[in-house]
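J.: Please see the structure below; I have some questions.
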Amino acid sequence: MAALSAALIAMTETVGNRAVMPAAFFYGAAAGPVGLLVAIHDRTGIGVSVPGVTLVGMFLFGGGVALLFGGYFDALFISDKHGPSILQVGWIEESAKALPLLLVALTGRYLTKAAGVALGLSCATGFAIMESMSYAWKNVDHDGAVNAGMVLFMRGLATPFSHLAWTGLICAVAFGTWQVRGKIVITFSVAGAFVAAAVLHSLNDGLLTLDIPAPARLFFLAVAAVSYWLFYRATRDLVPALPPDPDPDPAPPRA
């Protein structure tokens, strides 16, 4: 997907056909998140815990609703993305991504840890892809298609270990708790997972946008590593279900 995005951008620069730019941006923005989704499903098998149409709906509409509310409150409360107000971003966007997931949970369906993580990752993927595409569009207007492609490449590497890890962590803890309790409750562990995700999110964006020395920005790699480590620990008990034995041993013959 990343190679196809680069090829489409190169073709645009060569012949000037900007009609393919949305496709180039989509493939570039989706490459990293989709790659991680496949890897997580291979490790946990969560993709079969929720009907496919529900996962697609959460990707399209859950991610869109999250972007709608996140974008609105970002504009309302973050006056300068290069100033201290950017440190509110984690609290805003993690709340926005949690909203469609909570609405689904309130129906009483899919209250299992595997289903919650699958839904959370679907929502986060939709949000991350659309957000990355918006950043690419900003850059293509100012710096051209090649620089927009570089933005997609960098965000494609980063977003799997940011948006997906943060929302996945919250869902693993929350839905795991709700599965045990049989109902939606806000416990210290659920609140703690949300606070951890929001703080890591704000630190990540702050390190990348605040006016700080360039070497300090490299700490965002540590934030990404911690984010994924927490998500991995929260989901390490999820394993693929074993398929049924297609050819069970026949009953021994009677004497």
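The values are calculated or read from the model by the stated rules, or taken from the named source; none is laboratory data. Predicted model only: the values in this text are computed from it and were never measured. Counting neighbours? That spans all protein chains shown, and the Cβs are built from the backbone with ideal geometry, glycine included. Ligands, DNA and RNA are stripped out before the accessible areas are found, and what is left, the full protein with its side chains, is counted by its heavy atoms. Shrake-Rupley method; radii C 1.70, N 1.55, O 1.52, S 1.80 Å.
J.: Given an 8 Å cut-off on Cα distances and at least 6 residues of separation, report the relative contact order of the chain as a percent. If you can, show how the numbers build up before the last one.
T.: Details: 351 pairs, mean separation 65.2, N = 255.
This gives 26 percent for the chain.
J.: How much accessible area per residue does the stretch 58-174 have, counting only protein heavy atoms and a probe of 1.4 Å, in square angstrom?
T.: 42
J.: If the elastic network links every pair of Cα atoms under 10 Å, which of ALA148, ALA216, ALA66 fluctuates the most in the Gaussian network model of the chain?
T.: Comparing ALA148, ALA216, ALA66 in the GNM, the peak value goes to ALA216.
J.: Just to confirm the filter: which trypsin sites (Lys or Arg not before Pro) across the stretch 162-226 are DSSP coil and have at most 12 other Cβ within 10 angstrom of their Cβ?
T.: Sparse-neighbourhood loop trypsin sites (Lys or Arg not before Pro): LYS183.
J.: To test your reading of the geometry: what angle, between 0 and 90 degrees and rounded to tens, separates the Cα axis of helix 188-209 from the longest principal axis of the chain?
T.: The two axes meet at around 30 degrees.
J.: If you place +1 on the Cβ of every Lys and Arg, -1 on the Cβ of every Asp and Glu, and leave all else neutral, what size is the dipole of the chain about its Cα centre, to the nearest 20 Debye?
T.: Rounded to the nearest 20 debye, it is 540 debye.
J.: Tell me what the chain gives for mean residue ellipticity at 222 nm when only DSSP H runs of n ≥ 4 count, each as -39,500 (n - 2.57), the sum divided by the residue total, rounded to 500 deg cm²/dmol.
T.: Per the formula, -24000 deg cm²/dmol.
J.: Taking the chain as the reference, fit the longest principal axis to its C-alpha atoms, fit the long axis of helix 113-143 to the helix C-alpha atoms, and give the angle between the two in degrees, 0 to 90, nearest 10.
T.: 10
J.: In whole Å and largest first, what semi-axes does the C-alpha gyration tensor of the chain yield when each eigenvalue is scaled by 5 and square-rooted?
T.: They are 35, 24, 16 Å, listed largest first.
J.: Which percent of the accessible heavy-atom area of the stretch 8-52 goes to carbon and sulfur, probe 1.4 angstrom?
T.: 66
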